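**Student:** I'd like to ask some things about the structure below.
The values are calculated or read from the model by the stated rules, or taken from the named source; none is laboratory data. Computed from a predicted model, the values in this text were never measured in an experiment. Every residue, glycine among them, receives a Cβ derived from its backbone with ideal geometry; neighbour counts consider all protein chains shown. All accessible areas refer to the heavy atoms of the entire protein, side chains included, with ligands and DNA or RNA removed. Shrake-Rupley method; radii C 1.70, N 1.55, O 1.52, S 1.80 Å.
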Amino acid sequence: MLLHRLRLLPFLPAYVAVYFLFLYLPILLLPVFSFNDAATTTLPLAGFTTKWYASLWGNTVLLQAARNSLIVGVCVALISTILGICAARAITRYRFRGQRPATGLIMAPLFLPEIIVAVSLLMIVLQMGLELSLVTVILGQVVFCIPYSMSVLVSGFEGFDRSLEEASYDLGETAIGTFRRVTLPVVAPAIVSSLLVTFTISLDEFILAFFLSGTEPTLPVYIWGQLRFAAKLPGVLALGSLMILASVVLLTVAEVMRRRAERRTQATLVP
Amino acid sequence: MSSAAIASSPEAVKPAPGSRWMRSEEARGLAMISPTLIYALALLLVPVTLVVAYSFWTQNYLEIDRTFTFENYRQALTEPIYRDLFIRSLWISLVTSAVTVGFSYPVAWFISFHGGAHKNLWLFLVTIPCWTSYLLRVMSWKVILGYGGVLNTGLMSVGLIDEPITSLLYNANAVVITLVHSWAAFAILPIYVSLQKIDRSLIEAARDLGDGPMRAFLRVTLPLSMAGVVSAFLIVMIPTVGDYVTPKLVGGKDGVMIATAIQAQFGKGANWPLGAALSVTTMVLVSLVAAAVVLALRFAVRRIR
């Protein structure tokens, strides 16, 4: 065993370190070059500047896209988390026929190429004679976000002690009252975590927004339009850095909340 | 009777159909899931069914002819341009998933066996890059691999090369590198979960019975983690076959994939039935290849054992 450890140990951590570099370097490059005082992304770096960030403020098209993204993100987070709560609660609390196919259908977007989901939604929207707008983006992104919301919520709801709710019923509380006063406080961190995760996905989601947004671009669609112009690259790098920062902050908070949710449901298991 | 006993009773004693208890538990479960289920039916199942239906119809200018026909599939499967795109898309997604799984397995193994008390932190660090915008990640690879990009100018300023390497960007390799980077965490998570489930005493037993570390790994750890490897393979392969952004941004002419052709049929090309047939064919082909890969992996593991 000792020999085996000695042989593997220096090699494997080095490999893991290289792997993490591979994961993180491309993402760290965007902020590095967003502060670089040159219009091209060449090494060595030219000098420090914040002018690319300053240039973002005056850009009304960009600010409009950011507003669109915010509206879509908030709506998607709320709707997909509410629908996720229903489904997660149903499969962790009840057993019924058709549970597996129903769950399979709801989780299916995880296992489908996104372009096929996008194309099929585009067809149904145009078939029904609806106009492409932020509403269609929201409808589409909710389909895509429910599986993520559900996996966060199911892990938060699992292990929740039913007898707490039964006690509440026995003491005369209604179903709604029990949910609000017993269930909700225990699962609240999981719900917050789901809201943050789905908001982040919506903020970064491109394909569905690209197909379904019509004339109102979200931030990723706006960035896609800018990529054609080489001169716009530094501004896009600055915007991208801000979006990455937002994603990382939101996800860190979501992770902290998710762990708190796990600890809480485990705490209720202790007799 | 405890609540656990009530919950397990339907398996033991089947209540008569229509019994009160059955009705209430089932009805409440169905009522609870119905908003989500109806949403998924309306905005996932119905649209996908419509795509399948369209793939058997034809289009004359703006009129849709609802006569059943295989004409779109004949076009999708026999026209050289689509055939090449299918082959390339399947090949790229196959290589991407093999490379992703191969490179990620040791990391998942490391976290599971040597992660210590901070396994969750390790997993969180692995997933963070995958949650940042996918469009931005592809863009940063374009910045790295470009003609005047970070890698070329970096190597030139160090003096390793005299002129930029042109073969980095705008080919299938660039697409594979970018996709591997995008999907790494999706491969690590299922492998990690399956490694966590392995009873460590089985590996010790193999060692005690005289297997070396490599043999113990090949005969115990690897076969027992196969479920994770298979799901990692599928979770990377199926979505990457229809990737649109990566081939568009870093693929160039030699890296075009089927999604570009599908998009064209719904945009300027405006031939929905053909676009639908291309979508359905993509799904069927990738499912077939995925099934073949799963079978091959199972067979390989049985041979090792």
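**Student:** Being within 9 Å of another protein chain (Cβ to nearest Cβ) and over 17 Å from B:I144 (Cβ atoms) is the filter here, so list the residues in region A:11-51 that pass it.
**Tutor:** Hits for region A:11-51 are A:L12, A:P13, A:Y15, A:V16.
**Student:** For region B:127-138, indicate whether the set of residues that are in a helix (DSSP H, G or I), of a type outside the set (K, R), more than 9 Å from chain A (Cβ to nearest Cβ) and loosely packed, with under 15 Cβ neighbours inside 10 Å is non-empty.
**Tutor:** Looking for residues that are in a helix (DSSP H, G or I), of a type outside the set (K, R), more than 9 Å from chain A (Cβ to nearest Cβ) and loosely packed, with under 15 Cβ neighbours inside 10 Å, one finds none in region B:127-138, hence no.
**Student:** Quick test for you: out of B:S93, B:S9, B:S89, pick the one residue that is open to solvent by 30 Å² or more (accessible area, probe 1.4 Å), of a type in the set (S, T, N, Q) and either at pLDDT below 90 or not in a loop (DSSP other than H, G, I, E, B) (or both). Please lay out each step first, then the result.
**Tutor:** Details: B:S93 fails: open to solvent by 30 Å² or more (accessible area, probe 1.4 Å); B:S89 fails: open to solvent by 30 Å² or more (accessible area, probe 1.4 Å).
Only one candidate passes the filter, namely B:S9.
**Student:** With the requirement that a residue be buried (at least 24 other Cβ atoms within 10 Å of the Cβ) and β-branched (V, I, T), what does region B:230-243 give you?
**Tutor:** Correct list: B:V236, B:T240, B:V241.
**Student:** Taking the condition more than 11 Å from every other protein chain (Cβ to nearest Cβ), surrounded by fewer than 22 Cβ atoms within 10 Å (Cβ to Cβ) and without any contact (Cβ under 8 Å) to a residue 40 or more places away in the chain, does B:A216 pass?
**Tutor:** On the way: more than 11 Å from every other protein chain (Cβ to nearest Cβ): no; surrounded by fewer than 22 Cβ atoms within 10 Å (Cβ to Cβ): yes; without any contact (Cβ under 8 Å) to a residue 40 or more places away in the chain: yes.
Against the criterion (more than 11 Å from every other protein chain (Cβ to nearest Cβ), surrounded by fewer than 22 Cβ atoms within 10 Å (Cβ to Cβ) and without any contact (Cβ under 8 Å) to a residue 40 or more places away in the chain), B:A216 does not qualify.
**Student:** For the list (1) surrounded by fewer than 18 Cβ atoms within 10 Å (Cβ to Cβ); (2) part of a helix (DSSP H, G or I), I need the number of the one condition that B:A108 fails.
**Tutor:** (1)
**Student:** Which one of A:A54, A:A65, A:A87 is assigned to a helix (DSSP H, G or I), open to solvent by less than 70 Å² (accessible area, probe 1.4 Å), within 12 Å of chain B (Cβ to nearest Cβ) and not basic (K, R)?
**Tutor:** It is A:A87.
**Student:** Let me ask something additional. Show me the helices (runs of 4 or more DSSP H) entirely contained within region A:131-219 in which 1 or more residues are within 11 Å of chain B (Cβ to nearest Cβ) and within 15 Å of A:L83 (Cβ to Cβ).
**Tutor:** Details: elements: A:134-157, A:162-170, A:175-178, A:184-204, A:207-212.
Hits in region A:131-219: A:134-157, A:184-204.
**Student:** Only one of (1) modelled with pLDDT of 85 or more; (2) more than 7 Å from every other protein chain (Cβ to nearest Cβ) is not met by A:G98, so which one is it?
**Tutor:** (1)
**Student:** Consider B:G255 against the criteria (1) crowded, with 23+ Cβ neighbours inside 10 Å; (2) modelled with pLDDT of 85 or more: it satisfies all of them except one. Which criterion is unmet?
**Tutor:** (2)
So that you can scan it fast, the table gives a plain yes or no per residue for (1) of a type in the set (A, V, I, L, M); (2) surrounded by fewer than 21 Cβ atoms within 10 Å (Cβ to Cβ); (3) in contact with a Leu (Cβ under 9 Å, 6 or more places away or on another chain):
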residue	(1), (2), (3)
A:A190	yes, no, yes
A:S193	no, no, yes
A:F211	no, no, yes
A:R228	no, yes, no
A:P234	no, no, no
A:M257	yes, no, yes
A:E262	no, yes, no
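**Student:** List every residue pair whose Cβ atoms sit under 7 Å apart, with the two residues 6 or more apart in sequence or on different chains, where the first one lies in region B:287-305 and is without any contact (Cβ under 8 Å) to a residue 12 or more places away in the chain and of a type in the set (D, E) and the second, anywhere, is in a loop (DSSP other than H, G, I, E, B) and open to solvent by 60 Å² or more (accessible area, probe 1.4 Å).
**Tutor:** Here the result reads none, with nothing in region B:287-305 linked to a residue that is in a loop (DSSP other than H, G, I, E, B) and open to solvent by 60 Å² or more (accessible area, probe 1.4 Å).
**Student:** Taking B:K248 as the residue in question, decide whether it is among the charged types (D, E, K, R) and within 11 Å of chain A (Cβ to nearest Cβ).
**Tutor:** yes
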